[in-house]
Every structure is written in C-alpha cells, then in structure tokens.
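Chemist: I'd like to ask some things about the structure below.
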Amino acid sequence: MVHAQDGAIAAAYDARAAEYVALAGSIEQMDARDAAVIAAWRDGTRGLLLDAGCGPGQWTEFLSRGGREVHGIDLSAEFIETARRRHPGIPFEVGSFRDLPFEAGSLGGILAWYSLIHIPPADVPEIHDEFARVLAPGGSILIGFFDGEPREPFAHAVAPACFWSADALAAVLADAGFEVVASEARGREPGEVSARPHGSLIARR
C-alpha cells in the first residue's frame, strides 16, 4: 500500500519531471563542491551503494564511476523512466524509503541527497531505521539538505519540504544507531540551482 504522503510527492514530481530534468538533470548543472563531497564519500565507502531519491539518475551515474555497483530508487515513475533511458546499465526502480527492496545488511552506503526534505519530520526516524536495517555494520549514509531552522517548512517549488540542521539530524540518526562523522554547511553562489543554504553530513552505522 502506498503511503499517502509518498503518493503526493510522486504525483508532484511526475507532473514537473521534464522541468526538473532541464534545470538540474545533469552533473554539469551541479555545484563542483557537491560533486567533490559525494566523490570522496563514494571512494571511501565499500560495497553496494544506493541512491535514495535518485531523480533522473545523475548522481547514480556519478556513484557508478570506477566500476561501483549502485542502484537508484525514487517515488517518481517519470524520473525512473528518464533514469533508465539515460543510464541503461544501472538498475533503477520505483519505490519508497519506508520499505526498501534490499535484504538486511546488504548495502555499503546510501546517498540521500536532498531526498529527505519532503518526508514529514515526524516520519524521518522511521526512514532512518529502514536505512539502518539495510546497511551493513560500518556502512554509511550521506545526506544533503537545506540548512535552516530544523523541521521548519518552506515553500519548495515542487512539494512541501522542511529545513534541517546537522545537529538536529544527528540526534535523530543517533536513535537509529548512527554516528555523525562529518558535516558541512555553506551559502550559495550565483548560478546554483537553489539559493537556500546547503548542508550535508555523513553518518556511520
């Protein structure tokens, strides 16, 4: 059964998928600092990687470089169709973070790059528990988010979303058995896809 919130997010992104892909569907449109953070995490993480909230697959392809095994999952069927067409050698599927199609302890790392922002804050602990279930001991998660007052909603262009902070996420992650090992925050430069402050963190299980 599809969670009501997941269905609303999927419908919102399906309706604007083409617009999103044109604006932010390639690595070349992403900030080089973000690419550096994700590349360093990828290269320091062993095992199967999951791009959770993969969109049209640009970061999934980036994670696959160097022969890495990676899967992409997203609520939006339109995004998954685009990702499969653009990156035919990578497995992509429609699915929810609430019930990931992986066995316990089977993943080495999860990238959740701006994909938790639409999850109602009260549901985020449930998602972190599911991430913890599928990660092997020592596995890690890299989360990207809009840095601001934790859990405060803002008018995202596609679907309702909330700000987070590294400290607030760290507290929730700790309850799921994660320890934050790195974090960063910065403002935006002219020409970036978003003007809202950026944050990211790495947490290890």
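The values are calculated or read from the model by the stated rules, or taken from the named source; none is laboratory data. Only a predicted model underlies this, so the values are computations on that prediction, with no experimental measurement involved. Here the Cβ positions follow ideal geometry from the backbone for every residue, glycine too, while neighbour counts run over all protein chains shown.
Chemist: Could you list, in sequence order, the residues of the stretch 135-146 that are surrounded by fewer than 20 Cβ atoms within 10 Å (Cβ to Cβ) and under 15 Å from the mean Cα position of the chain (by Cα)?
Modeler: Within the stretch 135-146, F146 is the sole residue that qualifies.
Chemist: Got a sec? Which helices (runs of 4 or more DSSP H) wholly within the stretch 37-146 have at least 2 residues that are at pLDDT below 95, in contact with a Cys (Cβ under 9 Å, 6 or more places away or on another chain) and small (G, A, S)?
Modeler: none
Chemist: Only residues in the stretch 1-18 that are of a type in the set (G, A, S) count as the first member; pair them with residues that are at pLDDT 80 or above and part of a helix (DSSP H, G or I), Cβ under 8 angstrom, at least 6 apart or cross-chain, and list the lot.
Modeler: Cβ pairs passing all conditions: A10/A77; A17/E78; A17/F79; A17/T82; A18/E78.
Chemist: Being farther than 19 Å from A52 by Cα and surrounded by fewer than 20 Cβ atoms within 10 Å (Cβ to Cβ) is true for just one of E126, E130, E192. Which residue is that?
Modeler: That would be E192, the only listed residue that is farther than 19 Å from A52 by Cα and surrounded by fewer than 20 Cβ atoms within 10 Å (Cβ to Cβ).
Chemist: Could you check the stretch 49-88 and list, in sequence order, the residues that are under 19 Å from L135 (Cα atoms) and surrounded by fewer than 19 Cβ atoms within 10 Å (Cβ to Cβ)?
Modeler: Within the stretch 49-88, R68, E69 meet the criteria.
Chemist: When you go through F92, F97 one by one, which is the residue that is touching a helix residue (DSSP H, G or I) at 6+ places or on another chain (Cβ under 6 Å), buried (at least 22 other Cβ atoms within 10 Å of the Cβ) and under 17 Å from S140 (Cβ atoms)?
Modeler: Only one candidate qualifies: F97.
Chemist: Say whether the condition of being touching a Pro at 6+ places or on another chain (Cβ under 9 Å) and among the small types (G, A, S) is met by at least one residue in the stretch 14-21.
Modeler: So far as the stretch 14-21 goes, yes, one or more of its residues are touching a Pro at 6+ places or on another chain (Cβ under 9 Å) and among the small types (G, A, S).
Chemist: Counting only residues that are touching a helix residue (DSSP H, G or I) at 6+ places or on another chain (Cβ under 8 Å) and of a type in the set (D, E, K, R), which one in the stretch 149-178 is surrounded by the fewest Cβ atoms within 10 Å (Cβ to Cβ)?
Modeler: In this case the residue turns out to be D175.
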